[in-house]
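Written below as structure tokens is the structure these notes are about.
The values are calculated or read from the model by the stated rules, or taken from the named source; none is laboratory data. Only a predicted model underlies this, so the values are computations on that prediction, with no experimental measurement involved. Note: ideal-geometry Cβ built from the backbone for every residue, glycine included; neighbour counts use all protein chains shown. Note: accessible area is taken over every heavy atom of the protein model, side chains too, but ligands, DNA and RNA are not part of it. Shrake-Rupley method; radii C 1.70, N 1.55, O 1.52, S 1.80 Å.
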Amino acid sequence: MISKGKTRFFIRTFGCQMNVNDSEKVAGLLIAEGYEPAADAAAADFIFVNTCAVREKAADKLYHSLSRLKRLKADRPGLRIGVGGCVAQLEGEEILRKARHVDLLVGTHTLHRVPELLRGTTRGPVVDLDRKADAFTVPDATIAHASPVRAYVTAIEGCNHVCSFCVVPRTRGPEVNRPPDAIVREVEGLVERGYPEVMLLGQTVNAYQFEDLDFADLLARVDAVRGLRRLRFTTSHPEHVTEHFADALRDLDTVCPYLHLPVQSGSNRVLTSMRRGYDRRHYLDTIALLRDRVPDLSLTSDIIVGYPGETDEEFQETLSLAQEVGFDGLFVFKYSPRPGTTALRLADDVPDGEKSRRLQVLNEYQQRLQRARNEARVGHWDEVLVDTIQPGGVSGRTPQFRIAHLPGAGPELLGQIVPVEITAAGPNALVARLTQPIH
Ligand code: 5AD
């Protein structure tokens, strides 16, 4: 039986930072109602799976996870299982038909109703996929932030873009911009509670517009919060990179020199079909503008290989764009047809083996570049915000969002920004040692 005070919950999250942030909201609401976090799924009375629908593989994870949970529930019939987020919004009650052991189904806009709906599951499965619910009704102080160092803060929910391959506008709905005062108040509260860093979130966060305030203005408002050390944001869309935005990156002290700017392809034919709203030249000009303002800007990107009709020449254009830009990090995905997207009308005609080959070519190039770049940093100084305690040391991030391991450093450094010297490097992380003085 679900009863307050004794019940333990466990949340499994798939997908992006917004999903992580949604789970933090659900966890906070459950804690506020007297539920306790469980160490793992086996120790929980309520298991909530927060899902991602962006690629088929991501969506499949829900069903893998549910089949494991079925065995758990067979042993403990009192166990309640909830499914929420993007796959729930997309597939709806189909999930209950495929997995009869699911007790609760909530979409992307009804996550804040989980505690209340959970109580109703004693009478059978409960479904709430209401798209009109206000997603911002979770009080700031209730959110159970997973990291004690970097707090996610919602700036925009949903997305107004119409990229041909992307399911997100369908799962999360159109853009809703959160009022700047609410964002600033949340950041002030986080800084008071000791957070050195916040990351503003939105599917296209730099599209932010509230009355006559744009994203650069929002950054300036948040930057002005006293005591905040580092400000990050994700994900940005190339179409919304303006001079005003580039100037803000240069001028605002807390804003880190790091930008995730998905390009998706280097081919104009593919970019047009994807309805990205820019071409190769415009993307490269955007990078030039950003680097002019912030010469040490670290840039990462997303790329889709094997988009419908992508020829080898078109793939070579993507590779040459990656070489021309020289990204600091790259996330490469094989195209995956998604329900309700316009690209679904196009034949998924690049064979899987060829998609894998293209993915590997890009990843191998990128790994070599990152290794060389990171090795060139050995002997240099940097500043690391320590965010993780690890066996035998700690780790954190440089302003450019590079991971740095500090072997031998103590857990008391958690949340501190420490000066370091880089001593070794691999493609995906740096190794560093503390230099004096620590402040
Ligand atoms: N297939 C493959 N990758 C996709 N992405 C989004 N939709 C798809 C899809 N249908 C990738 C894009 C996006 C990232 C979050 O996921 O590169 O930027």
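Worth pointing out:
- Check on G194, within 16 Å of R229 (Cα to Cα), surrounded by fewer than 22 Cβ atoms within 10 Å (Cβ to Cβ), among the small types (G, A, S) and touching a residue at least 40 places away in the same chain (Cβ under 8 Å): yes
- Matching residues in region 38-75 - criterion: being exposed (fewer than 12 other Cβ atoms within 10 Å of the Cβ) and outside any helix (DSSP H, G or I): A39, D40
- Residue match in region 216-227 (condition: under 30 Å from I304 (Cα atoms), of a type outside the set (D, E, K, R) and either more than 16 Å from the ligand (Cβ to nearest atom) or at pLDDT 95 or above (or both)): yes
- On the stretch given as region 247-257, residues that are outside any helix (DSSP H, G or I) and either among the hydrophobic types (A, V, I, L, M, F, W, C) or open to solvent by 30 Å² or more (accessible area, probe 1.4 Å) (or both) total 4.
- Members of region 54-78 that are within 16 Å of the ligand (Cβ to nearest atom) and either farther than 15 Å from E91 by Cβ or in contact (Cβ under 8 Å) with a residue 12 or more places away in the chain (or both): V54, R55, E56, K57, A58, A59, K61
- Matching residues, region 344-376, being among the hydrophobic types (A, V, I, L, M, F, W, C) and loosely packed, with under 13 Cβ neighbours inside 10 Å: A347, A372, A376
- Members of region 344-355 found to be within 13 Å of the ligand (Cβ to nearest atom) and under 30 Å from R371 (Cβ atoms), listed by number: V350, D352, K355
- Meets criteria (on the phi > 0 side of the Ramachandran plot, more than 16 Å from the ligand (Cβ to nearest atom) and modelled with pLDDT under 95) for G5: yes
- Being hydrophobic (A, V, I, L, M, F, W, C), under 20 Å from the mean Cα position of the chain (by Cα) and open to solvent by less than 20 Å² (accessible area, probe 1.4 Å) is a property that V26 has.
- Evaluation of S273 against (1) in contact with a Phe, Trp or Tyr (Cβ under 9 Å, 6 or more places away or on another chain); (2) open to solvent by less than 30 Å² (accessible area, probe 1.4 Å); (3) closer than 30 Å to D348 by Cα (one fails), failing number: (2)
- Filter result (crowded, with 23+ Cβ neighbours inside 10 Å and of a type outside the set (G, A, S)) within region 81-91: I81, V83, C86, V87, Q89
- The listed residues are V149, V168, V127, V153, and the only one of them that is closer than 30 Å to Y335 by Cα, among the aliphatic types (A, V, I, L, M) and more than 16 Å from the ligand (Cβ to nearest atom) turns out to be V153.
- Flag: K6 does not match the condition of being under 30 Å from A343 (Cβ atoms) and either among the basic types (K, R) or buried (at least 16 other Cβ atoms within 10 Å of the Cβ) (or both).
- Here G189 does not qualify as at pLDDT below 95, out of contact with any strand residue (DSSP E or B) (no Cβ under 7 Å at 6 or more places or on another chain) and open to solvent by 10 Å² or more (accessible area, probe 1.4 Å).
- Each residue in region 300-343 was checked for being closer than 15 Å to Q370 by Cβ, more than 9 Å from the ligand (Cβ to nearest atom) and open to solvent by 40 Å² or more (accessible area, probe 1.4 Å), and 1 of them qualify.
- Among the residues of region 233-246, those identified as open to solvent by 10 Å² or more (accessible area, probe 1.4 Å) and either away from the ligand (no atom under 16 Å from the Cβ) or assigned to a loop (DSSP other than H, G, I, E, B) (or both) are T235, V241, T242, E243, H244.
- A220 meets all of the listed conditions (1) in a helix (DSSP H, G or I); (2) of a type in the set (A, V, I, L, M, F, W, C); (3) in contact with a Ser or Thr (Cβ under 9 Å, 6 or more places away or on another chain) but one, namely (3).
- Residue in region 301-317 that is within 30 Å of T171 (Cα to Cα), under 22 Å from the mean Cα position of the chain (by Cα) and in a helix (DSSP H, G or I) present: no
- Restricting attention to region 401-429, the residues that are closer than 12 Å to E383 by Cα and either of a type in the set (D, E, K, R) or open to solvent by less than 50 Å² (accessible area, probe 1.4 Å) (or both) add up to 10.
- For region 325-439, the strands (runs of 3 or more DSSP E) that sit wholly inside it and include 2 or more residues that are out of contact with any Ser or Thr (no Cβ under 9 Å at 6 or more places or on another chain) and either under 27 Å from F315 (Cβ atoms) or modelled with pLDDT under 95 (or both) are 329-334.
- Condition met for F14 (in contact (Cβ under 8 Å) with a residue 40 or more places away in the chain and more than 16 Å from the ligand (Cβ to nearest atom)): no
- Residues satisfying the stated conditions in region 265-299, i.e. in contact (Cβ under 8 Å) with a residue 60 or more places away in the chain and within 16 Å of the ligand (Cβ to nearest atom): S273, M274, R275, R276, G277
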